[in-house]
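Below is one structure, written out as C-alpha cells; comments come after it.
The values are calculated or read from the model by the stated rules, or taken from the named source; none is laboratory data. If you're wondering where the values come from, they're calculated on a predicted model, not measured in any experiment. Positions of Cβ are generated from backbone atoms using ideal geometry, with glycine treated the same way; all protein chains shown enter the neighbour counts. The area values use the complete protein model at the heavy-atom level, side chains included, leaving out ligands, DNA and RNA. Shrake-Rupley method; radii C 1.70, N 1.55, O 1.52, S 1.80 Å.
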Amino acid sequence: MLLISKLKQVQRLIRTRVTFFFTILFFVPMLQAQNRIGQGEVLKLYNQHCAACHGPNFDNGLGGSLLEEWDHVTADRSVEDIIRNGVPGLEMAVFKGVLTDKEIRSLAILIDEKRHQHRTKDLSFPSGPNAVYESEHHSFKIEMLATSPKGIFWAVDFLPDGTPLVTGFEGQLYLFKDGSLSAPIQGTPKVWRKGQGGLLDVGVHPEYKQNGWIYLSYSEEHGNGAGTTTVVRGKIKDGQWIDQETIFQSDEDDSTKAGVHFGSRFVFDDGYLFFGIGDRGNMQHAQDIKRSNGKIHRVHDDGRIPDDNPFARKPGAFKTIWSYGNRNAQGLTKHPETGDLWESEHGPRGGDEINRIEKGKNYGWPVISYGMNYNGKPITALTEKEGMEQPATYFTPSIAICGTDFYTGSKFPKWDNHLFTGGLASQELWRLETDGGTVTHRELVLKNQGRVRDVRVGPDGFLYLILNRGKREGGSELCRLIPE
C-alpha cells in the first residue's frame, strides 16, 4: 500500500510538471506574441540571408529598404515569389533550393510585421476621460459604466429592456442596472479557471420575454485536470441562477489539460444556436471532423442536433459541426441584412482572420495560414489550397483579435452595417466595411485604451466594449462609445 501511495504521488508530480512545462512552452509565448514582432528564429534567418543586402534594420543596404512597398511586388508577384525566384535584371539572390517554402513564407511574414511597425510608428490617439476620438465618419467619447470588482470582465449581452448582463472571467455573472453593477448572481456553474478558461460568453435568447432563457459558455473540468468548453442555459430569479440545462458538452476524449482556445461566442438564428470551440492547442484536431475542437457548431436552441447539419449523417463525425478548420473563434456575429454568419478568428503570430462562415466549409487551419509560430518558426508554406476557404481579410501582425459585432442603430448612422472587431494585445478597435463575403475597407478607430475583449451593439444604439486594463480588481471596464 505504501508503494502504491508513493507511485500515485510521483504520477501527480509528473502531471503537475508536464502541465507547468506546457504553460511555459505554449501559453506564455502566446501572451507575448505582440511583443515578439520582428524577433525569434525567423530574425536569425533574415540576418543570415537578407541583412547583408537590406540592412539589419530592414531599411538600407544595396538591396534597398524593405519597409516600403517594393515596386516589383505586384498582383502577380508576391514577396514569397520574389524571395524564391529573384528579380530579373537585379542582383536579387534566388533562394529556391536554399530555403524551404516554409522558411520563405516565414520571412514574408517577418517583412509584413516590420512594415506594419514602420507604417504605424507615428500614429497617435488621444487619452484621458474626456478625450474625443475622430474616425472617418463619426467623433466619439468613451463612457465608463462599471469596473470589475474581481478579476476581469469577458462578455456582455442585453436583456430586452436594455439591461447589460456581464460575465466575469472568474465565474461571476452580473447585471448592470440603474447605473450600478449587481452582486454576482448566485448558483452559476463552477468554472475550470485555467489559462484562457473561465466563465466566457453570455447570450440572451431572442424570445427571452416569453421563455426567460440565458445561455452561458465556460470551461469545465472533466476530471484528471483536463477540460473543455461547455454550454448551458438557465434563468435568473431573485438574484439566483435556476433551471439550468446542458446544451452542449464535448466528448471526454476531446478534453485536454491545455488552458487555451476555448472559443465560445454565441449567435442565435431562427431557433438555432451557433458557437465556436477552439483547437485547444491541438492544431491538427481542427481538420478532424470526428472531434469537436477547432470548429463552429450548430444546435437547436434546446441542444438537439439538427438533421440538416453538414455532417449529421456522416458515420463517426461530430454531428454538431457547421464548419471546421477554425483555429479559435473569438467573435461570432450575424450580418443584420443578409443573415450571414461572420467570425473573428485568433491566429498564431500573424494571420488573425475575419471569415464569413458557410455550411460545411473548411477554413484551412493549420494547413493554410497567414501566420507562423510564436517563436518565429514556420507552421506552413501555404496560404491557400483547393477546398479551403480564404479569409475575408486578415491581420499580420496579429492584433490578438477578439469580440466582433455589426453596428445597427441610430447613434452612429454612418456606421450602419459596418463590422467592428477588437484586439487584445494590440489594444485596438477596428471598423470594417464589407461587400458580400469580402472586406472592402478597414479603419483603426481606437488604440491604447485597454485590451478590447468584447464588442456589442446595445439596444440603445451605443457601441459597448469590454476593456481589460489589468488582472487586478478594477482592471476591467464595461464602457460604451457615445457620439460627440
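Summary table
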item	result
Flag for L332 being in contact with an Asp or Glu (Cβ under 6 Å, 6 or more places away or on another chain) and over 28 Å from G225 (Cα atoms)	yes
Strands (runs of 3 or more DSSP E) fully within region 294-346 counting 1 or more residues that are exposed (fewer than 15 other Cβ atoms within 10 Å of the Cβ)	295-300
Region 401-422: number of residues that are assigned to a loop (DSSP other than H, G, I, E, B) and open to solvent by less than 10 Å² (accessible area, probe 1.4 Å)	2
Which numbered condition T230 misses (of (1) in contact (Cβ under 8 Å) with a residue 12 or more places away in the chain; (2) touching a His at 6+ places or on another chain (Cβ under 8 Å); (3) of a type in the set (S, T, N, Q))	(2)
Matching residues in region 170-207 - criterion: being closer than 15 Å to L478 by Cβ and surrounded by fewer than 21 Cβ atoms within 10 Å (Cβ to Cβ)	L175, F176, K177, D178, G179, S180, L181, S182, P184
Search result, residues across region 94-119 that are open to solvent by less than 50 Å² (accessible area, probe 1.4 Å) and hydrophobic (A, V, I, L, M, F, W, C)	F95, L99, I104, L107, A108, I109, L110, I111
Flag if E136 is open to solvent by 50 Å² or more (accessible area, probe 1.4 Å) and part of a loop (DSSP other than H, G, I, E, B)	yes
Residue that is farthest from the chain's Cα centre (by Cα), among those in region 209-229 that are of a type in the set (F, W, Y) and either more than 18 Å from R265 (Cα to Cα) or assigned to a strand (DSSP E or B) (or both)	Y215
Tally, over region 194-222, of residues that are without any contact (Cβ under 8 Å) to a residue 12 or more places away in the chain and among the acidic types (D, E)	1
Inter-residue pairs, beta-carbon under 6 Å, first under 18 Å from G55 (Cβ atoms) and free of Cβ contacts under 8 Å to residues at least 40 places away in the same chain and in region 90-118, second open to solvent by less than 50 Å² (accessible area, probe 1.4 Å) and among the aliphatic types (A, V, I, L, M), 6+ apart	A108/V79
Region 347-368, residues that are surrounded by 24 or more Cβ atoms within 10 Å (Cβ to Cβ) and not β-branched (V, I, T)	G347, R349, G350, G351, D352, E353, N355, Y363, G364, W365
Candidates Q244, Q210, filtered to the one that is open to solvent by 20 Å² or more (accessible area, probe 1.4 Å) and within 27 Å of H335 (Cα to Cα)	Q210
Flag if A381 is part of a loop (DSSP other than H, G, I, E, B), at negative phi and at pLDDT below 95	no
Residue list for region 148-161, restricted to those being under 18 Å from D201 (Cα atoms), at pLDDT 95 or above and open to solvent by 60 Å² or more (accessible area, probe 1.4 Å)	P160
Check on E386, open to solvent by 10 Å² or more (accessible area, probe 1.4 Å) and assigned to a loop (DSSP other than H, G, I, E, B)	yes
Matching residues in region 234-286 - criterion: being in a strand (DSSP E or B) and more than 23 Å from the chain's Cα centre (by Cα)	G234, K235, I236, K237, Q240, W241, I242, D243, Q244, E245, T246
